[in-house]
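Beneath this line is the structure, given in structure tokens, with notes to follow.
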Amino acid sequence: MIVLYIILALLALLVAALLAAVVRTLAMPHKQTSYVPSTDEKRINEYAQKLSRMVQVETISDRSKAEVKKFRGFHTLMRELFPKVFANCEEVEIDGNLLLKWKGKTSKQPILLMSHMDVVEATGEWTHAPFSGDIADGKVWGRGAADTKCSLMAFFQSVEEMIADGYVPECDVYLASSCTEEIGGSGAPKLAGWLKEHGVKLFMLCDEGGSIIQNPLGGVNGHYAAVGIFEKGYGDVKFIARSKGGHASAPGRNTPIPRLAKFIAAVEKKSPFKVQFSPAVEAMFERLAPYAGPFYLRLVMHNLWLFKPVLGKVMPLISAQAAAMLKTTIAFTMQEGSRGYNVLPQEASVCANLRFIPHQGTEESLAVITDMASKFGLETEVIYKGYPSKSLDLKGEAFAIVQNTINAVFPDVCVMPYVVTGGTDARFYGEVCDSCVRFSPVLYGPEQMAGMHGLNENIEANCLPPAVDYYKAIIKAQETR
């Protein structure tokens, strides 16, 4: 009887909680977002032409060789496109990486605007040649148009125009662009090292990582400013299975490749990593909740206190990108065995890429996967390990400035915190900046997202004037600090 009373009490509590969640959700206004691109044809054409010329300079970065001369050639173009910037700023060039200082009224708490100049290779059949910089169908086409010469053009153009207007910034403003971002190279560390050596402590840094995106989740439509507040750590790991080898005509049990296959299948079936909602992800869902279409989705997202366990389990079915914000991820990418069809390998391996979440950091995540691999008789070799970055304070001054600036330049776009699951140059600036903001003020629709690192990369030309306006507003916002 006591057990029955307990069950009835629990059911009553559950019903009460559900009713409270429903009432809470009904009281929340249902909202919609909208994005209005620029209609200023003069500015659109001017900025598109500049970006086009930047795209036409091939700046592919290569791990196997440093091509400093190529990137210095790109600097020459930048001097031509933005003469006032280079005439009025102090220039530092380190092995093809570029840093400029625009002197302000004070050198205390400067800001840095950054975006990389290098791009990935451009293979395959393109509608517009990858380094043509064609302007067609309202878009600028070519490798780097979206990733990320668009934002590089935008903040250089903003400073060019502000200097022409006689504006003097409140604080020093640094402009930075590395030529090794796409290969995780030494460019950004060298620039950050220069700042450290010269005693520069930044108030705020603005890099890529987030942008204005469309329809971030199924059932959540519209435009959203995804502001990256931290990025996950990066790791490359190799799992090795060994044996005495032998002839394939008489295979034993648990030879190297089956052991690797069983391990991969086990990881794919049930991830060993912990799911947890960080304050950033909770804030993201809370801000998205009023914009969700179906009521049940608004109900779940607005009441994480009740639905968090369920949402954590179903998130992979809703969005792989959102699910990756909740835990360390592992993706198997390369494998190797014997070189003969009829030869059992003495050694076989599979390589994986991991992205480490702060709540189960680099060392713990590696320990978890190493322990799991050992149960299948595998050795684990860590090829590279990096660590999650420090999170931007959602209640801090830098985030407030960015949010207010977005609201001013893009008034009908919802601002949402975002966990960057990839890697950016910003991660190398932790020693000289406590507030690293990862947001490019450009529109990335489904076509632009598919084109980055893929075929037919492009950017909508009419999103360029608001991007320039955003950087101007960020610079002017320093007056009120």
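The values are calculated or read from the model by the stated rules, or taken from the named source; none is laboratory data. The shown structure was predicted, so the numbers you read here are calculated from the model rather than taken from an experiment. Every residue, glycine among them, receives a Cβ derived from its backbone with ideal geometry; neighbour counts consider all protein chains shown. Heads up: the accessible areas ignore ligands, DNA and RNA and are worked out on the full protein's heavy atoms, side chains in. Shrake-Rupley method; radii C 1.70, N 1.55, O 1.52, S 1.80 Å.
Here is how the numbers come out for the structure above:
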{"quantity": "Residues of the stretch 253-277 that turn out to be under 26 Å from residue 341 (Cα atoms), part of a loop (DSSP other than H, G, I, E, B), in contact (Cβ under 8 Å) with a residue 24 or more places away in the chain and not hydroxyl-bearing (Ser, Thr, Tyr), as a count", "calculated": "1"}
{"quantity": "Candidates 154, 176, 164, 192, filtered to the one that is of a type outside the set (Ser, Thr, Tyr), over 15 Å from the mean Cα position of the chain (by Cα), farther than 26 Å from residue 404 by Cα and at pLDDT 95 or above", "calculated": "192"}
{"quantity": "Hey, residue 443 in contact (Cβ under 8 Å) with a residue 40 or more places away in the chain, open to solvent by 10 Å² or more (accessible area, probe 1.4 Å) and out of contact with any helix residue (DSSP H, G or I) (no Cβ under 9 Å at 6 or more places or on another chain) or not", "calculated": "no"}
{"quantity": "Residue match in the stretch 286-299 (condition: within 21 Å of the chain's Cα centre (by Cα) and open to solvent by 10 Å² or more (accessible area, probe 1.4 Å))", "calculated": "yes"}
{"quantity": "Candidates 419, 382, 415, filtered to the one that is open to solvent by less than 40 Å² (accessible area, probe 1.4 Å), touching a Leu at 6+ places or on another chain (Cβ under 9 Å) and β-branched (Val, Ile, Thr)", "calculated": "419"}
{"quantity": "Residues of the stretch 339-360 that turn out to be open to solvent by less than 20 Å² (accessible area, probe 1.4 Å) and part of a loop (DSSP other than H, G, I, E, B), as a count", "calculated": "2"}
{"quantity": "Hey, residue 124 surrounded by fewer than 22 Cβ atoms within 10 Å (Cβ to Cβ) and touching a residue at least 40 places away in the same chain (Cβ under 8 Å) or not", "calculated": "yes"}
{"quantity": "Odd one out for residue 304 among (1) closer than 21 Å to residue 381 by Cβ; (2) open to solvent by less than 20 Å² (accessible area, probe 1.4 Å)", "calculated": "(1)"}
{"quantity": "Index of the failed condition, residue 98 passing every other in (1) surrounded by fewer than 23 Cβ atoms within 10 Å (Cβ to Cβ); (2) at pLDDT 95 or above", "calculated": "(1)"}
{"quantity": "Test for residue 121: is it among the charged types (D, E, K, R) and farther than 21 Å from residue 424 by Cβ", "calculated": "no"}
{"quantity": "Selection within the stretch 195-218 - at pLDDT 95 or above, farther than 24 Å from residue 475 by Cα and part of a loop (DSSP other than H, G, I, E, B)", "calculated": "none"}
{"quantity": "Verdict on residue 276 being under 21 Å from the mean Cα position of the chain (by Cα) and surrounded by fewer than 18 Cβ atoms within 10 Å (Cβ to Cβ)", "calculated": "yes"}
{"quantity": "Exclusive hit being surrounded by fewer than 18 Cβ atoms within 10 Å (Cβ to Cβ) and either within 12 Å of residue 118 (Cβ to Cβ) or touching a residue at least 60 places away in the same chain (Cβ under 8 Å) (or both), set 50, 69, 65, 84", "calculated": "84"}
{"quantity": "The listed residue being in a helix (DSSP H, G or I) and modelled with pLDDT under 90, out of 313, 244", "calculated": "313"}
